[in-house]
1. Viscosity 1.567 mPa s, temperature 4 °C: give me the Stokes-Einstein translational D for the range 96-181 in µm²/s, with Rh taken as the Kirkwood radius over C-alpha pairs.
2. Nearest 10 degrees, 0 to 90: what angle lies between the long axis of helix 260-272 and the longest principal axis of the chain (Cα atoms)?
3. How large is log10 of I(q)/I(0) for the range 1-130 at q = 0.11 Å⁻¹ when the intensity is taken from the Debye formula with one equal scatterer per alpha-carbon?
4. Mind checking which of Gly104, Gly135, Gly162 has the largest fluctuation in a GNM of the chain, springs on alpha carbons under 10 Å?
5. Averaged over all directions, how much area does the convex hull of the C-alpha atoms of the range 193-299 cover when projected, in nm²?
6. Looking at this model, which pairs from Lys38/Lys168; Lys21/Lys297; Lys246/Lys297; Lys2/Lys38; Lys101/Lys243 are more than 31 angstrom apart at the alpha-carbon?
7. Convert each backbone phi in the range 165-182 into a coupling constant with the Karplus relation 6.51 cos²θ - 1.76 cosθ + 1.60 (shift: θ = phi - 60°), then list the ³J(HN,Hα) values in order as whole Hz, x for Gly and Pro.
8. About the Cα centre of the range 33-166, how large is the charge dipole given +1 on each Lys and Arg Cβ and -1 on each Asp and Glu Cβ? Please answer in debye to the nearest 20.
Amino acid sequence: MKIAFIGLGNMGGGMAANQAKAGHQVLAFDLSQAALNKAKAAGCTPVGSVAEAVKDAEVVITMLPAGPHVLSVYSEQIIGAAPTSALLLDCSTIDVDTARKVAGLAGEAGYVFADAPVSGGIMAAEAGTLAFMVGCDEAQFARIETALEPMSRVTMRAGDHGTGQAAKICNNMILGINMIATCEGIALAEKLGLDPVKFFDIASKSSGQSWSVTTYYPWPGPVPTAPSNRDYDGGFATAMMLKDLKLAQDAAARSGASTPLGAQSEALFQLFERQGFGGRDFSAILQMLRGQMGDLKQG
Ligand code: NAD
């Protein structure tokens, strides 16, 4: 299959490589020469423009930073330049309104489009084990699932256009709130003379249990794979969590949903980021809540 891949950054680089590994011809484009060089080394064919990448594409995949990039790349460079038979898949995390706008523009021009944001970070992108949340026409889902297969562990249809993005921001709002709740529990346990490691044993088997506790415990020790064991390096950057929480708050304001804890968690991650920790894993916010930022590397 001939695939055009636009946006070869932290996520897109690994995703494009997995499409090439699956035997597809991947015409890859990014504004960054370094990203193009990396894609070439991973078996993709770098090209000089979006137009060149999409010219004869059967599938077009985009993995771009945010809504404005997605809108301009689709409206100015993909729609009209790719054959109308091409399947258009945007895997970036963007706002629901822009996703629906792009779906409308693509649909009017005769294309099949889906919003297909991902859960899972850079390691999952490299390993081909991302979870995709898809907003698309039901009749098109099987074809979309097949196209995403080399990059995915699971692909779920959320509903019509825009609902893939809705699923992504609602899920990550729960995660942001849960992580802060977990960190507050640990900070209080410590003050009360309860060992945070012992607290893990208890909370992970009690009603305080959540993914943030059992899979991503922000105190080193109990979950060896969690970023807390490596000085909060790698993992899911605070800046990325903040981006998703902002999208959730914008969506809540627009739709009239009441999300007071989502708003609080956005404010707390914002505070943490402003102190220079946007590049640290988001579970490092524990150290801010403990008042122990002195030992934490900025970045
Ligand atoms: P990134 O900044 O590393 O990559 C984005 C790439 O897009 C860059 O290489 C940039 O040069 C390129 N780009 C920007 N404008 C372009 C244009 N007009 N034409 C071609 N290329 C262009 O970001 P990332 O971490 O790969 O994230 C991509 C998307 O995935 C974001 O929407 C992000 O929210 C989402 N996401 C990221 C993660 C993560 O852990 N990094 C996890 C899940 C979802």
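No value in this document is a laboratory result; all are computed from the given coordinates. Just so it is clear, the model here is predicted, and its values are computed rather than measured. For neighbour counting, all protein chains shown are included, and Cβ atoms are generated from backbone atoms with ideal geometry for every residue, glycine included.
1. Rounded to a whole number, D works out at 96 µm²/s.
2. Result, in degrees: 90.
3. Reported log10 I(q)/I(0), two decimals: -0.32.
4. Gly104
5. 7.4
6. The answer is Lys21/Lys297.
7. Whole-Hz 3J(HN,Hα) from phi for the range 165-182: 5, 4, 4, 5, 6, 5, 4, 6, 5, 4, 4, x, 5, 4, 5, 5, 4, 4.
8. So the magnitude is around 340 debye.
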